[in-house]
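Below is one structure, written out as C-alpha cells, with a few remarks after it.
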Amino acid sequence: MKYRILTSEELEVFAEDFKHFLIVNGVHNEEWVEMNQSDVEKAKQFVELFSDTVLQKVYEKLKFIEHRSEKSCMVFKLNEEQVELISVNAKEGANVILSTPQSIHEALVNSPDQLTFFKSKKPYTKGRELEIHKMLEQGCVHSSEAFWISLEKVVA
C-alpha cells in the first residue's frame, strides 16, 4: 500500500467509482459480496488498490497546501519538481494569532512588525505525491493560489 485506506466516509463518496473499479478488474457485484465473506484479505487488497488510485489522482491535482497554528502559517506551492514555502511566524512575545484567515489578515495589516517571513524552495526527495501525503498526514490542508499570491506580495 502506497498511501492509506480511504475512510468509510470517503469510500461512500466514491461508491459508484469503486463499483466501476471492481468491474474493470473483473469483479462484479455478486463476486464482490462473496469475496467479502469468503476471502476478506483479497477484498481488502481491492480496497487498498482503489484507495491508492484515488489518493494518487487527488495528490496529482493538488497545487497548494497549508499548515496553520496560533503562531505560524506555512503555505506550500506544490510544483512538479520542487516545493516552495512561504512561512509567516509571530515574533517571540508578539500578540498576534495566525490560525485563521481573518487573524492572519489582521496581523499582516495591523502588526507586520510583530511577524517574520521566510521563503524557500526544495526539491522532492521521495517523490511529489508521497511527500504531499506525508505533509497531509502531519496536518496540512488544501489551500488556494489566491492565498499564496497574497502572501508572496507581502514577502517580496
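The values are calculated or read from the model by the stated rules, or taken from the named source; none is laboratory data. Quick caveat: nothing in here was measured; it's all calculated off a predicted structure. All Cβ positions, glycine included, derive from the backbone under ideal geometry; neighbour counts span all protein chains shown.
Return a yes/no flag: does segment 127-141 have any residue that is assigned to a strand (DSSP E or B) and touching a His at 6+ places or on another chain (Cβ under 9 Å). Yes - at least one qualifying residue is present in segment 127-141. Checked against the criterion of being of a type in the set (A, V, I, L, M) and modelled with pLDDT of 95 or more, the candidates Val88, Val33 yield just one match: Val88. Pairing each residue of segment 142-156 that is assigned to a loop (DSSP other than H, G, I, E, B) with any residue that is surrounded by 13 or more Cβ atoms within 10 Å (Cβ to Cβ), provided the two are 6+ apart or on different chains, yields C-beta distances under 7 Å for Ser143/Phe64; Ser143/Ile65; Ser143/Glu66; Ser143/Val75; Ser144/Phe64. For segment 125-138, a residue qualifies if it is at pLDDT 95 or above and not β-branched (Val, Ile, Thr), and the qualifying residues are Arg128, Glu129, Leu130, Glu131, His133, Lys134, Met135, Leu136, Glu137, Gln138. Which one is surrounded by the fewest Cβ atoms within 10 Å (Cβ to Cβ), of the residues in segment 87-118 that are more than 22 Å from the chain's Cα centre (by Cα) and part of a loop (DSSP other than H, G, I, E, B)? That would be Gly93.
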